[in-house]
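Novice: Dumping the structure here so I can ask a few things about it.
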Amino acid sequence: MKKKALSLLLASAMVVSLAACGGSSDDKNATGTTGGTSTETSTNTSSSSGSETPGSETSGGSEDTSDIEKPAEITILVDGTVFTQENARDQFMAKLEELIGIKINVIQPDHDAYYDNVGQIIAGGDWPDVMILSSTYYSAYAAEGVLWDMTEAWDNSELKKRQEAYNGAGVVAGMEIDGRLYGMPSARGNGCVTYVKKKWLDNCGIANAPTNYDEYLAMLEAFTTGDPDGDGTDGNTFGVTAAGFVGTEAPYVNYLPEFYQDAHPSFYQKEDGTWADGFTEDSMKAALGRLADAYKKGVIDPTTLTNGTADCRNKFYSDDFGVFTYWAGTWATNLKTNLENNGLDGELIALPPIKEVGSYLDRIPPVWCISSTCENPEGVFKYFIEPMQDGGEVQFLWTYGVEDVHWSTKAETLYEGEEKEKVYEEGQFHGCDNLENPGTQYTKAHIDPALALVELKDDPRNESAAEENKASAELFAQNCVTADLVPSTDQMTEYNGDLTTLKNELIAKVAMGEMTIDEAYAKYESDHGAEWSQIIVDSLNQ
């Protein structure tokens, strides 16, 4: 089994290498904290008494456990969607240990290099008990036998009942591979909406936000050639940027949807149930033409190829560009707040998808997986995975963090004397000042409350979440379709790493004008891309 996992590592490494084409392997800010990441391994052995968390008294271990042994200690491998060291990870883990009664050893690589580290750890053979995986790696590692089959554990759990009561079980069922479940999402996947700076529209004399591609492109041109930031200088800004011309995880197109429209860079399931490689279709060629045209006009940031998501955010806060397709919900507030912290106007318009896009894509959520080498997987599922969505104080911890560290109900004034001063009365729930990014407040922990699969008792979100947060989440929910979970096959494992590398190289070169579309597809043929693609499609349709 580990020999097969090593073969997967080689394929996965090719996918991860696409970070050189821009972007991180999984955006921590989709469902995670607003802070940074940590590269060290931490073992949390302390405990915390803490005050009682708002919410239900229900916690991990409240069900009958006579037939399943509780593990004394587990090791988890997590990315930056879990609080990092800079954001009081040790305090978070200490509180979690107190609530579930298990010692937790944490391995947390730097977020942008997370899947490099996952591959190395799997290849090394010393697997953690639990790991977070995005959809691509989830399918692949499940096929390789790296992951424990949790189907029966979920079917017989109270967790499933809680999810069914809150319409969350359908999301979990969507993670099944050939009818089997190998990972548990902690929330819905979420996706991106396109945010436009209202001030830039006003400064350019654009009365209405775009509703189709022609209007969208005209807006980008105005933002690039005019003076949208109002500094008196024309042409020192640009319209849009992204973390690469194509994403490094499904659904791949979520950062530049207006250019891709109906195109699929990778494999997708057609309406008749068969699988196809969208890269070979005319819709993809049309998308490449739009990218190349826009890049040539200068409306796309010339550093898009090498941008990471943090680079994009920082440029947005510095008023370098005006259109940013980013995560719905919480990030509507984060973007607004950080713009205002830089002395800029924070009003953003969240666009419904333009006519040609039709719907935004709801990504397949990351999942918590138990490795097949875990000595007590049933116990880990019952006492670690299940409590994460208990509807009570453990879920509250995973949603908001530690009291008086990440959130508080104490009477206090934040940012006193500043324009953004906020006064909270005793008993009023609010996020604390961010430890890593002072001047901003925490909005959530690992689980985004707007995307929960289990109802959280006494959830303060309705009172504490900003209006733009709720409006953005609602806009996305009303205008999204779920991306396809592509199953893994032996042929996918063998060929898709090299195939994806080739595709992303060609996309970048065409977008930047270094290669024509015809030249790109000729190279796709000569470098075996078409051959590999067909082999994979055939395996998916068997």
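The values are calculated or read from the model by the stated rules, or taken from the named source; none is laboratory data. All of these numbers come straight from a predicted model, not from anything done at the bench. Glycine also receives a Cβ, built like all others from the backbone with ideal geometry; neighbour counts cover every protein chain displayed. With ligands, DNA and RNA removed, areas are computed over all heavy atoms of the protein, side chains included. Shrake-Rupley method; radii C 1.70, N 1.55, O 1.52, S 1.80 Å.
Novice: Looking only at the range 482-492, decide whether some residue is part of a loop (DSSP other than H, G, I, E, B), open to solvent by less than 60 Å² (accessible area, probe 1.4 Å) and over 27 Å from GLY174 (Cα atoms).
Specialist: Checking the range 482-492: not a single residue is part of a loop (DSSP other than H, G, I, E, B), open to solvent by less than 60 Å² (accessible area, probe 1.4 Å) and over 27 Å from GLY174 (Cα atoms).
Novice: For the range 261-310, enumerate the residues that are more than 25 Å from the chain's Cα centre (by Cα) and part of a loop (DSSP other than H, G, I, E, B).
Specialist: Correct list: GLU271, ASP272, GLY273, THR274, GLU281, LYS297, GLY298, VAL299.
Novice: Continuing with this model, one more query. For the range 274-292, which residues satisfy the criterion of being surrounded by fewer than 17 Cβ atoms within 10 Å (Cβ to Cβ) and in contact with a Pro (Cβ under 9 Å, 6 or more places away or on another chain)?
Specialist: Of everything in the range 274-292, nothing turns out to be surrounded by fewer than 17 Cβ atoms within 10 Å (Cβ to Cβ) and in contact with a Pro (Cβ under 9 Å, 6 or more places away or on another chain).
Novice: Now for a separate question. Inspect all residues belonging to the range 248-258 and state whether any of them is farther than 29 Å from GLY205 by Cβ, open to solvent by 10 Å² or more (accessible area, probe 1.4 Å), in a loop (DSSP other than H, G, I, E, B) and among the small types (Gly, Ala, Ser).
Specialist: Yes: one or more hits.
Novice: Do we have VAL367 as open to solvent by 10 Å² or more (accessible area, probe 1.4 Å) and farther than 16 Å from TRP200 by Cα here? Steps first, please.
Specialist: Details: open to solvent by 10 Å² or more (accessible area, probe 1.4 Å): no; farther than 16 Å from TRP200 by Cα: yes.
No, not satisfied.
Residue by residue, here is whether (1) within 30 Å of GLN542 (Cα to Cα); (2) surrounded by 20 or more Cβ atoms within 10 Å (Cβ to Cβ); (3) in contact with a strand residue (DSSP E or B) (Cβ under 9 Å, 6 or more places away or on another chain) holds:
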site: ASP262; (1), (2), (3): yes, no, no
site: GLN269; (1), (2), (3): yes, no, yes
site: ASP272; (1), (2), (3): yes, no, no
site: VAL323; (1), (2), (3): no, yes, yes
site: TYR326; (1), (2), (3): no, yes, yes
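Novice: Looking at ALA452, is it more than 24 Å from ALA276 (Cβ to Cβ) and open to solvent by 20 Å² or more (accessible area, probe 1.4 Å)?
Specialist: In short, no.
For every residue, the table says whether it meets (1) more than 18 Å from the chain's Cα centre (by Cα); (2) at pLDDT below 90.
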| residue | (1), (2) |
| --- | --- |
| CYS432 | yes, no |
| ALA465 | yes, yes |
| SER472 | no, no |
| CYS480 | no, no |
| PRO487 | yes, yes |
| TYR495 | yes, no |
| ASP498 | yes, no |
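Novice: One residue is enough: does the range 461-472 have a residue meeting the conditions in contact (Cβ under 8 Å) with a residue 24 or more places away in the chain, more than 24 Å from THR337 (Cβ to Cβ) and crowded, with 22+ Cβ neighbours inside 10 Å?
Specialist: no
Novice: Of all residues in the range 285-310, count the ones that are over 17 Å from MET512 (Cβ atoms) and at pLDDT 95 or above. Let's see the steps before the verdict.
Specialist: At the first step, the residues of the range 285-310 found to be over 17 Å from MET512 (Cβ atoms) are 286, 308-310.
Now drop any that are not at pLDDT 95 or above, which leaves 286.
Summing the residues that are over 17 Å from MET512 (Cβ atoms) and at pLDDT 95 or above in the range 285-310 gives 1.
Novice: Only one of THR233, THR241, THR248 is touching a Phe, Trp or Tyr at 6+ places or on another chain (Cβ under 9 Å), modelled with pLDDT under 95 and among the polar types (S, T, N, Q). Can you tell me which? Show your work before the answer.
Specialist: Numbers: THR233 fails: touching a Phe, Trp or Tyr at 6+ places or on another chain (Cβ under 9 Å); THR241 fails: modelled with pLDDT under 95.
Checking each option against the conditions leaves just THR248.
Novice: Testing VAL405 on (1) in contact with a Cys (Cβ under 7 Å, 6 or more places away or on another chain); (2) not in a loop (DSSP other than H, G, I, E, B), one condition comes back false. Which one is that?
Specialist: Against the list (1) in contact with a Cys (Cβ under 7 Å, 6 or more places away or on another chain); (2) not in a loop (DSSP other than H, G, I, E, B), VAL405 comes up short only on (2).
Novice: Can you tell me which residue is nearest to PRO449 (Cα to Cα) among those in the range 155-168 that are surrounded by fewer than 21 Cβ atoms within 10 Å (Cβ to Cβ) and in contact (Cβ under 8 Å) with a residue 24 or more places away in the chain? Quick ask: steps written out before the conclusion?
Specialist: Within the range 155-168, the first condition is being surrounded by fewer than 21 Cβ atoms within 10 Å (Cβ to Cβ), and the residues that meet it are 155-158, 160-162, 164-167.
Narrowing the set further to residues that are in contact (Cβ under 8 Å) with a residue 24 or more places away in the chain leaves 157-158, 162, 165-166.
Details: SER157: 22, GLU158: 20, ARG162: 15, ALA165: 16, TYR166: 13 Å.
Here the answer is TYR166.
Novice: Can you tell me which of THR493, THR501 is of a type in the set (S, T, N, Q) and closer than 22 Å to PRO366 by Cβ? Don't jump to the end; show me each part of the working.
Specialist: On the way: THR501 fails: closer than 22 Å to PRO366 by Cβ.
Testing whether each residue is of a type in the set (S, T, N, Q) and closer than 22 Å to PRO366 by Cβ leaves just THR493.
Novice: Out of THR482, THR489, THR516, which single residue is farther than 25 Å from ILE177 by Cα and among the hydroxyl-bearing types (Ser, Thr, Tyr)? Outline the logic, then answer.
Specialist: Working: THR482 fails: farther than 25 Å from ILE177 by Cα; THR489 fails: farther than 25 Å from ILE177 by Cα.
Of the residues listed, the single one that is farther than 25 Å from ILE177 by Cα and among the hydroxyl-bearing types (Ser, Thr, Tyr) is THR516.
Novice: Do you know which residues across the range 226-236 are polar (S, T, N, Q) and under 13 Å from PHE321 (Cβ atoms)? Explain how you work it out, then say what you get.
Specialist: Step one: list which residues in the range 226-236 are polar (S, T, N, Q), which gives 233, 236.
Of everything in the range 226-236, just one residue is polar (S, T, N, Q) and under 13 Å from PHE321 (Cβ atoms), namely ASN236.
Novice: Let me ask you something else. Can you report the number of residues in the range 327-380 which are at pLDDT 95 or above, part of a loop (DSSP other than H, G, I, E, B) and in contact with an Asp or Glu (Cβ under 7 Å, 6 or more places away or on another chain)?
Specialist: Counting residues in the range 327-380 that are at pLDDT 95 or above, part of a loop (DSSP other than H, G, I, E, B) and in contact with an Asp or Glu (Cβ under 7 Å, 6 or more places away or on another chain) gives 6.
Let's see how each residue does on (1) in contact with a His (Cβ under 8 Å, 6 or more places away or on another chain); (2) more than 19 Å from THR493 (Cβ to Cβ); (3) modelled with pLDDT of 95 or more; (4) open to solvent by 10 Å² or more (accessible area, probe 1.4 Å):
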site	(1), (2), (3), (4)
VAL106	no, yes, yes, no
VAL118	no, no, yes, no
SER135	no, no, no, no
SER139	no, no, no, no
ALA143	no, no, no, yes
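Novice: Taking the range 376-418 as the search range and keeping residues that are among the charged types (D, E, K, R) and in contact (Cβ under 8 Å) with a residue 24 or more places away in the chain, which one is farthest from GLU164 (Cα to Cα)? Write out each step before concluding.
Specialist: Our first condition is that a residue be among the charged types (D, E, K, R); within the range 376-418, this holds for 378, 382, 386, 390, 393, 403-404, 410, 412, 416, 418.
If we keep only those that are in contact (Cβ under 8 Å) with a residue 24 or more places away in the chain as well, we get 378, 382, 386, 390, 393, 403-404.
Working: GLU378: 21, LYS382: 17, GLU386: 14, ASP390: 13, GLU393: 20, GLU403: 29, ASP404: 33 Å.
Across the range 376-418, the extreme among qualifying residues is ASP404.
Novice: When you go through LYS523, LYS503 one by one, which is the residue that is open to solvent by 50 Å² or more (accessible area, probe 1.4 Å), within 25 Å of VAL246 (Cα to Cα) and assigned to a helix (DSSP H, G or I)? Before you say what the answer is, go through the steps one by one.
Specialist: On the way: LYS503 fails: open to solvent by 50 Å² or more (accessible area, probe 1.4 Å).
Only one candidate passes the filter, namely LYS523.
Novice: Mind checking which residues of the range 482-538 are under 19 Å from HIS264 (Cβ atoms) and of a type in the set (Ser, Thr, Tyr)?
Specialist: THR482, SER488, THR489, TYR495, THR500, THR501, TYR521, TYR524, SER533
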